[in-house]
Amino acid sequence: MREWLEKRGIDYKSYPVDGEWVVPRTYDEAVSNCRDMLFMYDIKPDDEILAANIKPCLDTESGKYIERTQYSIEMIIWHA
């Protein structure tokens with residue numbers, strides 16, 4: 001995007017944006033989310049492997065499985 005704007009002589013400002021998405025899930029929701037992702041890649045999920053990888057991630061305070069996604073992006077703003 002930056003290159004496209006610069007080639008056209010369009011002024012812009014850019015700002016770094018960092019953060020974290022946090023999604024608490026029940027065990028069934030966490031398993032369903034993992035299954036959906038695996039199916040997208042034509043992988044048949046194994047329930048034992050899913051359980052072995054999901055159950056240790058239980059947040060004991062909330063009783064939920066916390067999915068965290070950290071992000072760092074650049075926001076570009078311009079007026080044409």
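Where a number appears in this text, it was derived from the coordinates with a stated rule and is not lab data. Computed from a predicted model, the values in this text were never measured in an experiment. Glycine gets a Cβ as well: all are built from the backbone with ideal geometry, and neighbour counts include every protein chain shown.
A few remarks follow.
- Residue list for the range 17-50, restricted to those being of a type in the set (Phe, Trp, Tyr) and surrounded by 11 or more Cβ atoms within 10 Å (Cβ to Cβ): 27, 39
- Scan of the range 51-68 for residues that are small (Gly, Ala, Ser), exposed (fewer than 12 other Cβ atoms within 10 Å of the Cβ) and more than 8 Å from residue 24 (Cβ to Cβ), ordered by number: 52, 63
- Residue 22 among the β-branched types (Val, Ile, Thr), touching a residue at least 40 places away in the same chain (Cβ under 8 Å), out of contact with any Cys (no Cβ under 6 Å at 6 or more places or on another chain) and farther than 30 Å from residue 80 by Cβ: yes
- Conditions (1) of a type in the set (Asp, Glu); (2) over 30 Å from residue 78 (Cβ atoms); (3) part of a strand (DSSP E or B): number failed by residue 20: (2)
- Criterion violated by residue 14 - all others in (1) without any contact (Cβ under 8 Å) to a residue 60 or more places away in the chain; (2) closer than 28 Å to residue 77 by Cβ; (3) surrounded by 12 or more Cβ atoms within 10 Å (Cβ to Cβ); (4) not aliphatic (A, V, I, L, M) satisfied: (1)
- Among the residues making up the range 56-77, those that are assigned to a strand (DSSP E or B) and among the hydroxyl-bearing types (Ser, Thr, Tyr) are 65, 69, 71, 72.
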